[in-house]
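First up is the structure itself, then whatever we jot down about it.
The values are calculated or read from the model by the stated rules, or taken from the named source; none is laboratory data. Small disclaimer: the values here were computed from a predicted structure and weren't measured. For neighbour counting, all protein chains shown are included, and Cβ atoms are generated from backbone atoms with ideal geometry for every residue, glycine included.
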């Protein structure tokens, strides 16, 4: 791989090259297919679109489009017309949608080339991209491409791990993920890419296969903030097919090359300073706070007192909605259907064979929480706690209220550690891993606010450390400006992988 | 639309879902000795609460753009959302909301400015999502009431409407012989209004009277098409018996009854069944039963014996549903895009009760007559006829509309009076000819059918065909005198049977008939037989007495 690897260049500069015919779209696609092949052992893709299909598409493209045939990848829980969409589950192993998700359609309409569907934890339930029918996705960092060791590698993080790896390795300029509790930001941080979870309702969920409807948001993974901004501007806005999308127009985000943060108040949530957070991350966090402060931002400590309840609250709400959303998979209209037996028996068998243990566990728990006798005790209570967490965050961003409030962005860790090794990670249960790794990302989903994971530096083990920024609803402009500032200040280098 | 790839047109799988009737129960509590049951009925107070599922008359479904239509090929009206294809989301159909609001207003409900949708979970093969989207906790309309006349119109009663909720209809399962079930999702996702009454009805007759009034209202305001055979107006009845009015007994729910007669039978049957159980020392079980249309019994729905826990939760994909009023609509940037309750109230047509009242008061029609016209949307036609010809007898006009106009519409399956080519003005002209003895009933009917065929004015038809009758008294008297004279000469016996004291006797009638027949012959059938009859009687009376 050459040092001027075109596949690792920022989107904006590649678009310039395509415009100036320094490189053709066909050439770009050939190289991308080669890269996908070179990185095959990472298991980032569930399925890859036939090369000929895409070449045909890009020849037809007249180059006047916004994305000019730029390759991108999509998590395999977004519906893609005529392309299988498995959710990494046996249940949808042979499922081919007849329509495309709004966000996917916007990208292909803008001239993007869909390379393939990326790996995830089954139905996006997980934090590692390890619980998938095609097996786990491997993190390219510290990965020996020449002599892959079956056990000794780092996890990609999840559940959008395939998308994060595709972007980190240059197999895609950007990718779509979905973020329900941190599923874009966590793998982005483990793989050293930028991961944006936009405001709930700013991007359409139409076609995104539901996990938790009230928290799911399509997310954008790319290698730099500018690329995220570029794609965000293509995707955001109202969709009549999703009643929860924003009404009216969404302003396009424009970020300067070297944005100032002088006018910003940066909040440091003290509850995020947990004992489990690795010292390296704490150190990085402190460094970033200083950088903001040294460049004129006002850095204040803020309190989000209900943070500690977010995990259990998330668990109850998530399971409840999962139980409901998964009810449609009965093997009748589509999906896996088991043979024989009476109807109820067929349902039970199909669902048992179709879902993995983690999904079944959440369904069972969710149905338990929703039982009439339990509803108040669990589900209703969790909704109340969610309201408290929302209020916490709303207050912190509220310019009108008292002391230690009125911040523009929150600066926080993404998770407690850098990417863990597969062999240690695999020993823990899916739910324990979620508790451990989603702790600092869930709040944004509960409150709906936008958040972004930005790679900042490398740990001693040469693994990416990222930090998270959060802003108030529909304030992507400020969020991305702060992210761009942090990116500039940290000068994180994308590695040269030894494919 | 969903391609046949995912939606199997004819979809087979083994297994017997649905209700297997429990025949043992039926036999044991079958009310064969009605006499006995009737004797004890008085000691028991039945209480009935009703849940009506009225299909909303809308072009498309409640949350998808698929058409709402009956009798289409199976699974041809199914959108991705209706088939629960992953990733699809509900989008509320404003027309359905508007119709629910209209219904709420017509039933004197408080329209909720903000209402919410919930998911009600249960597995059923014709409900592809595994849950129904409904309004469980915060429905669109609450706390209404309806005044309804009992069957003969003698008493007006009142029933409280607890709530009206918007919800999805399910698809249809057809359980065929040979352990195969076919599923048609055309109906899946069609909008329903579930109208829930308080348990305040105390007899099958009252329940039917209420339902008929409700039905009439929905038809009148156009929120339901009301085709009973197509299941567009289905009723669940909660029935219990108790010895005191203040205490309700254990209720039994009978689900999915269509047709007023069936509803009447179900409630009657169920009340008797419950009385019989209790009188025999048994206990009425709280259960859901189905009505067996063939036997007329209700049977326990065995697979639902285990109490369902619907695990309600709010529907996260639909924002709160807002409706507005005159004052709140002004603050909106685009007021025409929302539903204004006050505007809907202003747009409501006159309701059946008011129409009937007007007909009874202004035209002295009976309740049954007024109801007949109202139920058939014929009141305006009737009123227009009366306005064109004030001196017509309302009952005669009503009779004509019933016997000829409506009969014609029924025969040719006409859905509205506009399709029948005899306007109210034309009918008035026709009935005036009849009223003035210019034509007789027979000719009137002939003129009516000709008018339908030729779309000509009755006056013109009568004129052109030379159908006007000889009805002026002087001419008729002359003609009758001639005929009597002729008969007396040629066939004296013919008139001998006439008895002035018994003008209605067989012999008298026979005599009159002979005179009329001769007059008809002499006038080439132009005589108004009614007038001639009166004249003949007078002449014959005069002859006898003189």
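Exactly one residue out of A:234, A:282 is more than 14 Å from chain B (Cβ to nearest Cβ), surrounded by fewer than 22 Cβ atoms within 10 Å (Cβ to Cβ) and in contact with a helix residue (DSSP H, G or I) (Cβ under 8 Å, 6 or more places away or on another chain): that is A:234. If you check A:178, A:210 for being touching a residue at least 60 places away in the same chain (Cβ under 8 Å), within 14 Å of chain B (Cβ to nearest Cβ), under 13 Å from the mean Cα position of the chain (by Cα) and more than 21 Å from residue A:39 (Cα to Cα), only one passes: A:178.
When the range A:93-106 is limited to residues that are under 17 Å from residue A:232 (Cβ atoms) and surrounded by fewer than 24 Cβ atoms within 10 Å (Cβ to Cβ), the one that is farthest from the other protein chains (Cβ to nearest Cβ) turns out to be A:106.
Of the strands (runs of 3 or more DSSP E) contained entirely in the range A:170-286, not one carries at least 2 residues that are modelled with pLDDT under 95, touching a strand residue (DSSP E or B) at 6+ places or on another chain (Cβ under 9 Å) and farther than 28 Å from residue A:121 by Cβ. Residue-level analysis places residue B:340 among those that are touching a strand residue (DSSP E or B) at 6+ places or on another chain (Cβ under 9 Å) and modelled with pLDDT of 95 or more. For the range B:315-328, filtering for residues that are surrounded by 18 or more Cβ atoms within 10 Å (Cβ to Cβ) and more than 8 Å from chain A (Cβ to nearest Cβ) leaves 4. Which ones in the range B:342-354 are part of a helix (DSSP H, G or I), in contact (Cβ under 8 Å) with a residue 40 or more places away in the chain and either within 20 Å of residue B:415 (Cα to Cα) or in contact with a helix residue (DSSP H, G or I) (Cβ under 6 Å, 6 or more places away or on another chain) (or both)? Answer for the range B:342-354, where residues must be part of a helix (DSSP H, G or I), in contact (Cβ under 8 Å) with a residue 40 or more places away in the chain and either within 20 Å of residue B:415 (Cα to Cα) or in contact with a helix residue (DSSP H, G or I) (Cβ under 6 Å, 6 or more places away or on another chain) (or both): B:344, B:345, B:352. Among the conditions (1) at pLDDT 85 or above; (2) assigned to a helix (DSSP H, G or I), the only one that residue B:51 does not satisfy is (2). Residue A:21 satisfies every condition listed in (1) within 14 Å of chain B (Cβ to nearest Cβ); (2) part of a loop (DSSP other than H, G, I, E, B) except (1).
Taken as a whole, the range B:330-342 holds no residue that is surrounded by fewer than 16 Cβ atoms within 10 Å (Cβ to Cβ) and farther than 27 Å from residue B:94 by Cα. Residue by residue through the range A:90-123, note down the ones that are within 14 Å of residue A:329 (Cβ to Cβ) and either in a helix (DSSP H, G or I) or in contact with a helix residue (DSSP H, G or I) (Cβ under 9 Å, 6 or more places away or on another chain) (or both). Selection gives A:90, A:91, A:92, A:93, A:122, A:123. In the range B:399-415 there is no residue that is crowded, with 21+ Cβ neighbours inside 10 Å and either over 24 Å from the mean Cα position of the chain (by Cα) or outside any helix (DSSP H, G or I) (or both).
For the range A:135-144, the criterion of being assigned to a strand (DSSP E or B) and under 21 Å from residue A:11 (Cβ atoms) is met by no residue. Residues in the range B:123-158 that are within 14 Å of chain A (Cβ to nearest Cβ) and part of a strand (DSSP E or B): B:131, B:132, B:133, B:134.
Please go through the range A:337-375 and pick out each residue that is at the interface with another protein chain (Cβ under 7 Å from one of its Cβ atoms), part of a helix (DSSP H, G or I) and either surrounded by fewer than 19 Cβ atoms within 10 Å (Cβ to Cβ) or touching a strand residue (DSSP E or B) at 6+ places or on another chain (Cβ under 9 Å) (or both). Correct list: A:343, A:367, A:370.
If we scan the range A:301-315, do we find a residue that is surrounded by 16 or more Cβ atoms within 10 Å (Cβ to Cβ) and within 9 Å of another protein chain (Cβ to nearest Cβ)? Within the range A:301-315 (the criterion being surrounded by 16 or more Cβ atoms within 10 Å (Cβ to Cβ) and within 9 Å of another protein chain (Cβ to nearest Cβ)), the answer is no, since none of the residues qualifies. For the range B:243-258, the candidate set comprises residues that are in contact (Cβ under 8 Å) with a residue 12 or more places away in the chain and surrounded by fewer than 17 Cβ atoms within 10 Å (Cβ to Cβ); within that set, the residue that is farthest from residue B:201 (Cα to Cα) is B:256.
Conditions (1) under 22 Å from residue B:400 (Cα atoms); (2) not in a helix (DSSP H, G or I), marked per residue:
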site: B:456; (1), (2): yes, yes
site: B:460; (1), (2): yes, no
site: B:479; (1), (2): no, no
site: B:510; (1), (2): no, no
site: B:517; (1), (2): no, no
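All of (1) part of a loop (DSSP other than H, G, I, E, B); (2) away from chain B (no Cβ under 12 Å); (3) in contact (Cβ under 8 Å) with a residue 60 or more places away in the chain hold for residue A:87 with one exception: (2). One residue stands out among those in the range A:191-205 that are more than 14 Å from the chain's Cα centre (by Cα) and surrounded by fewer than 24 Cβ atoms within 10 Å (Cβ to Cβ): the one that is farthest from residue A:8 (Cα to Cα), which is A:201. Restricting attention to the range B:79-114, the residues that are crowded, with 21+ Cβ neighbours inside 10 Å, farther than 22 Å from residue B:217 by Cα and either free of Cβ contacts under 8 Å to residues at least 60 places away in the same chain or more than 14 Å from chain A (Cβ to nearest Cβ) (or both) total 4. Given the options A:471, A:489, name the one that is within 28 Å of residue A:279 (Cα to Cα) and over 22 Å from the mean Cα position of the chain (by Cα). Going through A:471, A:489 in turn, the sole match is A:489. Among the conditions (1) modelled with pLDDT of 95 or more; (2) within 26 Å of residue A:144 (Cα to Cα), the only one that residue A:49 does not satisfy is (2). Within the range A:327-334, identify whether any single residue is surrounded by 17 or more Cβ atoms within 10 Å (Cβ to Cβ), within 12 Å of chain B (Cβ to nearest Cβ) and in a helix (DSSP H, G or I), and answer yes or no. Yes, there is a match, as at least one residue in the range A:327-334 is surrounded by 17 or more Cβ atoms within 10 Å (Cβ to Cβ), within 12 Å of chain B (Cβ to nearest Cβ) and in a helix (DSSP H, G or I).
Counting only residues that are more than 13 Å from chain B (Cβ to nearest Cβ) and either free of Cβ contacts under 8 Å to residues at least 40 places away in the same chain or touching a helix residue (DSSP H, G or I) at 6+ places or on another chain (Cβ under 7 Å) (or both), the range A:376-386 holds 3 of them.
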